[in-house]
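Here the structure is laid out as structure tokens; the discussion comes afterwards.
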Amino acid sequence: MRFRRCCMKWQKRLNIALTIALTVAFVLLGAFVFRLSYLRGIEALTDLFGSIKYYFCKIFDLPASEKPAVSEFSKVIKWDLLLPENFETFKANFIVFWKTFASKENFLAWLKFTGEKAGGFSKIILLILPCLLALFMAVKTFYNKPNTKHNQDTLPLKIYKKITLYSYVPIRDFLKQYYEYVKQHSAIWIVWLVLWAFNLNIASIIIAFFAYYFYFAVTFDFGSFYVQFVKVVMDLQVIVRYVPFWAICIVAWLGFEHWRKNLALAKLRRMEMSNRGFINDLPIVSMTCGSMGKKKTTIITDMALSQEVMFRSVAYDKLQKTDMKFPNFGWIAFEMELRKCMEHGVVYNLATIKEWVNLKRQRYEKHHNDAWQLFGYDSCRYGLYYTDGLKTSYIFDVLSTYAQLYFIYVIQSSLLVSNYSIREDNLLIDEGNFPMWSNDFFRKEERPSRHAHILDFDVLRLGKKVIENNPNAGSFEFGVVSITEVGKERGNNLELKEVKKGTEETNQKNDLFNFWLKMCRHSATVDNYPFVKVFADEQRPTSWGADARDLCDIVHIVSSGNKRLALPFFTIEDMINEWLFGRFMKLYYNFRFIRGDNTLFIYLLKQITAAIYRRNVKIYNTYGFSISNIEKERGTMDGKAEKKKYYVMNKKIYSRRFSTDCFSDYFNDLARKAGVGLGDYLEYETEKATVDELKMQNSYFINALYKNTDSKESSADNE
């Protein structure tokens, strides 16, 4: 522990020393290499001051001096590219240039130049090709020698690992740690960003833009656009002259990556909004149906996650509107007291919140003390009633509504209740005032997880309970209920034909679960909005009894689309990645078939291929999606189905949200207790099953056949 603290102390000192050294180096570069950029920046600031002064003189009709210098060429950076000084000359020269560029002579000259360069490259290739061929033959000859030295490193690989262990690995780890250090201390990278903005003359371009903006706002001098274009090109000379071409390419690629990733995220968020619109159109109870593998559970989980976020969002919107009914009320003091009552268990559901506000109301009507019960609200000045044109509301009625909405919004607990586990990672950000939820499904950073509440079906039963006097009974008020395989839980009319309502045992006919479905909105309605939704799935609609199914909308999954990518311009990269991966895997497994050891060549090739593969997988996991074609109809199944699309986005639904084999532990338990596996099953002796082998199937069909045969044989023997 002491050694670790010592290492951390030295690491911190090294971080500080390196930061100071880099900052000093950047400043010295600005002083000795990029001095012209700072002179241009001073000129741009002077132009900005002159433009602002000219702007206010024109606005207030004051006598203005001559035109600002922003409309003239720079006197600091000299023009090296020799562009014309006015637009007319530029236009004439451009026409001449284009005619020359598109001429036959220019094309033939280009072909000649290309041929000469290609000839030079061909000579280099002819020299390199035999060397590569010889290397390939040597490697192939070496790797075709079979061995069974399992997981043993060859000598070249051992040397490589030893060298990189003391060179590459420490540098890599330090750079990663230093990157995190700089990222955590925003002042460092902000200072560096400002320094390089001035060094590379980018700051001058930004300042010059605002200088020209103030000038153009009062002059509308369109003729000076060309001058500004020339000045921008002149300012960019610093980057072209001092920054290496490869560095410009890297920055351009990073900018391109940032742009297209933002474009992809915007597309995914539009899909999420489209999904939410579809979910909003569903009634309180809905059932998603489809054959096996059509992503039924995936879609109801996706809808449940979206619905939880929507409930918080609706509560937030209604809080804002409720706040405006009494804008001078001390809402934050009211919220803080409510939060304390929640922490101490005084209030824990909507019913207790109503009692809590009602107790305040009784005390206020007894003592009429604004400071005690209304948190210093001046009732004489601002009033105790709000009229919206339809009705008049007493302040405590509004407080009751606000408290319930705030409880739904702020409770740091999942709003999901399900018969299978669902993971969520929404985060409540609280600085001690009004908290805000961070619930973007497509963010990059990891968040703490919480999971859905275990669904005790007794809390949804208004009649008989499986556990008599269940302490959870009657406790469910609001939330999102998600039930997979609902037909197997509730059964249909045919399956329940022999079940009797009057029995002592709890069953589907006497638990009044369907009554809860019909009345669940009553306990969940706050400010005329029902904060409850039930999502269920099953393979066939008729697997759930008609009494409950008639309450639903049925969502039929017609087809689940193939994977797509929201990231634009990735097709060529994807093709190259697939080609490289396929080639390497074929080589790699041929090598593994022949040899059991680890070689340097395969090790390096595997590292490169793995990096390409991981990047490809990460991109598809982050920006991938598929489109499910669905049809929505009423639960009565007597109307016309409405065709819709539902977007299943990988980042949202496949980030360890749920397990598709949610009931697998039941079968795991059976298999563990059985003590045999697939390899222990008897095999057929020939291509045709014998009588004994047929009987080993324990088949209803085979048993029925031989039962009839045995009965006929026994009757014949009796005769």
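Quote the accessible area belonging to Asp378 in square angstrom, nearest 10, computed with a 1.4 Å probe and with ligands, DNA and RNA left uncounted.
Accessible area of Asp378: about 60 Å².
With a 1.4 Å probe and every protein chain left in place, work out the accessible area per residue of the chain in Å², rounded to a whole number.
63 Å²
Would you please give the FRET efficiency between Ser659 and Ile411, computed as 1/(1 + (r/R0)^6) with r the Cβ-Cβ distance and R0 = 25 Å, to the nearest 0.05?
In this case the efficiency is close to 0.45.
How big is the Kirkwood radius of segment 380-478, worked out from every pair of different alpha carbons and given in Å to one decimal? Could the numbers behind the result be given before it?
Numbers: mean 1/r = 0.0574 Å⁻¹.
Hydrodynamic radius (Kirkwood, Cα only) of segment 380-478 equals 17.4 Å.
What lysines could a cross-link reach from Lys75, if we take a straight Cα to Cα line under 23 Å and drop same-chain neighbours fewer than 8 places away?
Counting by Cα, and skipping residues close in sequence, Lys75 has these lysines nearby: Lys53, Lys67, Lys231.
Using θ = phi - 60° and the Karplus curve 6.51 cos²θ - 1.76 cosθ + 1.60, what whole-Hz ³J(HN,Hα) does each residue of segment 60-74 get, with Gly and Pro shown as x?
Values per residue, Gly and Pro as x: 9, 6, 9, x, 9, 6, 5, 4, x, 6, 5, 7, 10, 5, 5 Hz.
For the pair Thr571 and Ile42, how long in nm is the line joining their label points, each one 7 Å along Cα→Cβ?
5.4 nm
Report the Stokes-Einstein translational diffusion coefficient (µm² s⁻¹, integer) for the chain, Rh taken as the Kirkwood radius over Cα pairs, at 25 °C with viscosity 0.890 mPa s.
Numbers: Rh = 34.8 Å.
Reported coefficient: 70 µm²/s.
Counting DSSP beta bridges in the chain, what percent are antiparallel, to the nearest 5?
Percentage antiparallel, nearest 5: 60.
Per q in 0.12 Å⁻¹, report the Debye log10 I(q)/I(0) for segment 374-425, using one uniform scatterer on each alpha carbon and no solvent.
Each listed q maps to, in turn, -0.49.
Evaluated at 20 °C with a viscosity of 1.002 mPa s, what Stokes-Einstein diffusion coefficient in µm²/s does segment 233-376 have when Rh comes from the Kirkwood expression over alpha-carbon pairs?
Here the translational diffusion coefficient equals 99 µm²/s.
Stretched out fully, how many nm does the piece from Ala21 to His258 gain, at 0.36 nm a residue minus the Cα gap?
82.4 nm
Can you list residues whose amide H is under 5 Å from Arg564's amide H, if they're 5+ apart or on another chain and H is modeled 1.01 Å from N?
When sequence neighbours closer than 5 places are left aside, the close amide H contacts are Phe625, Ser626.
What percent does the relative contact order of the chain come to when contacts are Cα pairs within less than 8 Å and at least six residues apart?
With pairs under 8 Å counted, the relative contact order is 16 percent.
Cα atoms only, segment 456-505: Rg and Dmax in Å?
12.8, 34
Please give the contour-minus-distance gain from Val191 to Leu155: 0.36 nm per residue of separation, less the Cα-Cα distance, rounded to one decimal in nm.
Computed gain between Val191 and Leu155 is 8.2 nm.
What is the pair-distance distribution P(r) of segment 496-641, computed from all Cα-Cα distances in 5 Å bins starting at 0, with each bin given as a whole percent?
2, 7, 10, 10, 10, 9, 8, 8, 7, 7, 7, 7, 6, 3, 1, 0
Hey, can you grab everything whose amide H is under 5 Å from the amide H of Leu462? Only 5+ residues off in sequence or another chain; H modelled, so Pro and N-termini drop out.
Residues meeting the criterion, in which the H sits 1.01 Å from N, are Phe513, Trp516.
Gain in length, Trp372 to Met324, computed as 0.36 nm per residue apart minus the alpha-carbon separation, to one decimal in nm?
Gain on extension, Trp372 to Met324, equals 15.1 nm.
Spelling out what I want: for every residue of segment 462-472, take phi, set θ = phi - 60°, compute 6.51 cos²θ - 1.76 cosθ + 1.60 (Karplus), and round to whole Hz; glycine and proline get x.
These are the phi-based 3J(HN,Hα) values: 8, x, 5, 10, 5, 9, 5, 6, 4, x, 8 Hz.
In square nanometres, what is one fourth of the surface area of the convex hull spanned by the alpha carbons of segment 10-130?
Averaging across all directions leaves 18.4 nm² for the Cα convex hull.
Are there trypsin sites (Lys or Arg not before Pro) in segment 274-327 that DSSP marks as loop and that have at most 14 other Cβ atoms within 10 Å, and which are they?
none
Take the residue pairs Lys261/Lys296; Lys294/Lys444; Lys321/Lys465; Lys354/Lys651; Lys340/Lys651; Lys518/Lys632 and return only those whose Cα atoms are more than 31 Å apart.
Lys321/Lys465; Lys354/Lys651; Lys340/Lys651, as the Cα separations exceed 31 Å there.
Label points 7 Å out from Cα along the Cβ direction at Phe515 and Ala138: separation in nm?
8.8 nm
Once you charge only the Cβ atoms, +1 for Lys and Arg and -1 for Asp and Glu, what is the size of the charge dipole of segment 208-277 about its Cα centre, to the nearest 20 debye? Before the final figure, lay out each step's value.
Working: 8 positive and 4 negative charges, 86 e Å.
Computed charge dipole of segment 208-277: roughly 420 debye.
Can you list the aspartates and glutamates whose alpha carbon is less than 19 Å from that of Lys695, not counting same-chain residues fewer than 8 positions off?
Of all the aspartates and glutamates, those that pass the test against Lys695 - Cα under 19 Å, at least 8 places apart if same chain - are Asp680, Glu683, Glu685, Glu687, Asp710, Glu713.
Taking only the alpha-carbon atoms of segment 83-188, what semi-axes of the equivalent ellipsoid follow from 5 times the gyration tensor eigenvalues under a square root, in whole Å, largest first?
Values for segment 83-188, descending: 53, 35, 9 Å.
Under 22 Å between alpha carbons, and skipping anything fewer than 8 positions from Lys149 in its own chain: which lysines qualify?
Counting by Cα, and skipping residues close in sequence, Lys149 has these lysines nearby: Lys140, Lys158, Lys161, Lys162, Lys586, Lys606.
Determine, from the Cβ-Cβ distance of Val558 and Asn147 and an R0 of 60 Å, the FRET efficiency 1/(1 + (r/R0)^6), rounded to the nearest 0.05. Before the final figure, lay out each step's value.
Values: r = 55 Å, r/R0 = 0.91.
Efficiency for this residue pair is about 0.65.
Classify segment 344-410: rounded, prolate or oblate, from the alpha-carbon gyration tensor (a ≥ b ≥ c, eigenvalue square roots; a/c under 1.5 rounded; otherwise prolate if a/b is larger than b/c)?
Oblate, since a/c reaches 1.5 and b/c is not below a/b.
Each residue of segment 408-418 in turn: what ³J(HN,Hα) in whole Hz from Karplus with 6.51, -1.76, 1.60 and θ = phi - 60°, glycine and Pro shown as x?
After applying 6.51 cos²θ - 1.76 cosθ + 1.60, I find 5, 6, 9, 4, 8, 8, 5, 8, 8, 10, 8 Hz.
If you keep only loop residues by DSSP, which trypsin sites (Lys or Arg not before Pro) in segment 133-219 have at most 15 other Cβ atoms within 10 Å of their Cβ? Please list the in-between numbers first.
Details: sites: Lys140, Lys149, Lys158, Lys161, Lys162, Arg172, Lys176, Lys183; in loops: Lys149.
Counting only loop positions with at most 15 other Cβ atoms within 10 Å, the trypsin sites (Lys or Arg not before Pro) in segment 133-219 are Lys149.
Hey, any idea what Rg/Rh is for segment 574-719, computing Rh the Kirkwood way over Cα pairs?
Working: Rg = 28.1 Å, Rh = 23.3 Å.
Rg/Rh: 1.20.
At a 1.4 Å probe, what is the % contribution of carbon and sulfur to the accessible area of the chain?
62 percent
Between Ala641 and Phe56, with labels modelled 7 Å along Cα→Cβ, what's the label distance in nm to one decimal, could you check?
Once both label points are built, they end up 7.0 nm from each other.
Skipping prolines and chain starts, which residues have an amide H placed within reach, meaning under 5 Å, of the one on Val558, given they are 5 or more residues away or on another chain?
It is Asn629, Ile630, Glu631, by chain and number.
The values are calculated or read from the model by the stated rules, or taken from the named source; none is laboratory data. Keep in mind the model is a prediction, meaning the values are calculated, not measured. Neighbour counts run over all protein chains shown; Cβ positions are idealised from the backbone, glycine included. Please note that ligands, DNA and RNA were not included when accessible areas were found on the heavy atoms of the full protein model with its side chains. Shrake-Rupley method; radii C 1.70, N 1.55, O 1.52, S 1.80 Å.
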